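What follows draws every value from the coordinates through simple rules; no lab data is involved. Remember, it's a predicted structure, so these values are computed and weren't measured experimentally. Every residue, glycine as well, gets a Cβ built from its backbone with ideal geometry; the counts of neighbours run over all protein chains shown.
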Amino acid sequence: MKNIERPYLLLTPGPLTTSKSVKYEMMNDWCTWDFEYKNLVQSIRTKITQIATKNTSDYTTVLMQGSGTFAVEATFGSCIKSDDTVLIVVNGEYGKRMVEIAKRMRINHEVLVFDEIEIPKLSEIEEALQKNLEISHIVMVHNETTTGILNPAKEVGALAKKYDKIYILDAMSSFGGIEMDCDMFHIDFLISSANKALQGVPGFAFVVAKIQELEKCEGVSRSLSLDLYDQWVVMESQKGKFRFTSPTHSIKAFAKALEEFEAEGGVQGRYKRYKNNQEKLASGMQRLGFTPLLCDSVQSPIITSFYYPEESGFVFEKFYYLLKEWGFVIYPGKISKHNTFRIGNIGEVYEEDIEELLVGIERSMYWRNNA
């Protein structure tokens, strides 16, 4: 139910519900030039790299002001040269967004499209690489939050390694919640955001980059503010200084979020909770008559999509606002071929919250008596 401290629980894949202690960290103001603050930035960069790979000597983390899409655009503009060609693997809206970025930036690109509820076929990706020898980069979304489908990041990385391509992975909602290793997955640039599975607040995103590839990006960027290489050089040379105004409150909150992440057991601990949330949600929703969009074999623990029920009286907007009155905010569907809605399983959300949500959903199912 609603309370003063938390009007509602956010059940979305980010921004998401954060802990009281993370929120509390934003109560004070910080100076971007302060040594204590810059040391905090450096500590965050180090910890993110350690989460991303065991081979920390070959990778670095660059923080970038703005949303996750800012970091995607910064990566595209900073590491894909004018004579390069990128293969964009698409099976959802966030893959389509990367295509739009490539178009706007006039980047040479080839698009390989799969159905929104279909895992990209490795054989077709390999065929595209064999047919077009101009392809220099492969880009894919790991967890496509359009549906909640989990794409084969490691297997695509193996193809990138086999054909000597630069591999860019959008791990926006999966990083910190699903086990992965940049080195083992052959990822050259991994992109994520503070307000996802690491449970910080909006304000900045980050790129975990292979140093030898990032070093090749000098002078490539089409943008001043989104120059990933220059951002890295300044953070390195000035020991934690952002080039332009730093999102100080978000940084401070994120430092606390990382402490809580480590206390929970890191990726393994967080994955266990998220997976439990997802399984409790899916089984409870099916008991109430809702059908999941995806089969279990491709379902991620991050977000779950459900078909609208078959009852003719179901109106999502009414369902949404009834749930909000009960204290929960869910996500409308983005899938183009089916009527669905989505419920996030991540953030400061626990089994008891899922159980309370299911009670709220059952009480909000007014249409069965009013159809």
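Values as computed for the structure displayed
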{"item": "Length released on extending from Lys162 to Lys81, taking residue separation times 0.36 nm less the Cα-Cα span", "result": "27.0 nm"}
{"item": "Under 12 Å, Cβ to Cβ, from Lys154 - net charge with Lys/Arg +1 and Asp/Glu -1", "result": "-3"}
{"item": "In nm, spacing of pseudo-spin labels at Glu352 and Leu133 (7 Å Cα→C-beta vector)", "result": "6.4"}
{"item": "The range 41-192: C-alpha pair distances exceeding 29 Å, %", "result": "11"}
{"item": "The range 142-224: GluC sites (Glu not before Pro) falling in loop per DSSP and having at most 15 other Cβ within 10 Å", "result": "Glu179, Glu218"}
{"item": "Of all DSSP beta bridges in the chain, antiparallel share, percent nearest 5", "result": "50"}
{"item": "Anisotropy class of the range 162-256 from Cα gyration tensor, a/c 1.5 cut", "result": "oblate"}
{"item": "Candidates Gly289, Gly176, Gly77: whichever shows maximal mean-square fluctuation once the chain is modelled as a Gaussian network with Cα springs under 10 Å", "result": "Gly289"}
{"item": "Exceeding the 27 Å Cα-Cα cut-off - candidates Lys161/Lys239; Lys210/Lys334; Lys154/Lys196; Lys23/Lys210; Lys272/Lys337", "result": "Lys161/Lys239; Lys210/Lys334; Lys23/Lys210; Lys272/Lys337"}
{"item": "Estimated vicinal HN-Hα couplings, Hz - the range 267-280 in sequence order (Karplus 6.51, -1.76, 1.60; Gly, Pro = x)", "result": "4, 4, x, 5, 4, 4, 5, 4, 5, 5, 4, 5, 5, 4"}
{"item": "Compactness of the chain - radius of gyration and Dmax, Cα, Å", "result": "20.8, 66"}
{"item": "Fluctuation leader among Gly92, Gly265, Gly360 - the chain, Gaussian network, Cα springs under 10 angstrom", "result": "Gly265"}
{"item": "Alpha-carbon centroids, the range 253-317 and the range 62-107: separation in whole Å", "result": "27"}
{"item": "Candidates Glu124, Glu25, Glu116: whichever shows maximal mean-square fluctuation once the chain is modelled as a Gaussian network with Cα springs under 10 Å", "result": "Glu124"}
{"item": "FRET efficiency, Gln268 to Ser57 (Cβ-Cβ, R0 25 Å, nearest 0.05)", "result": "0.60"}
{"item": "5 angstrom amide H check on His109, placed H, neighbours 5+ away", "result": "Val86"}
{"item": "Interchain or long-range residues, amide H under 5 Å from Ile166's placed H", "result": "His137, Ile138"}
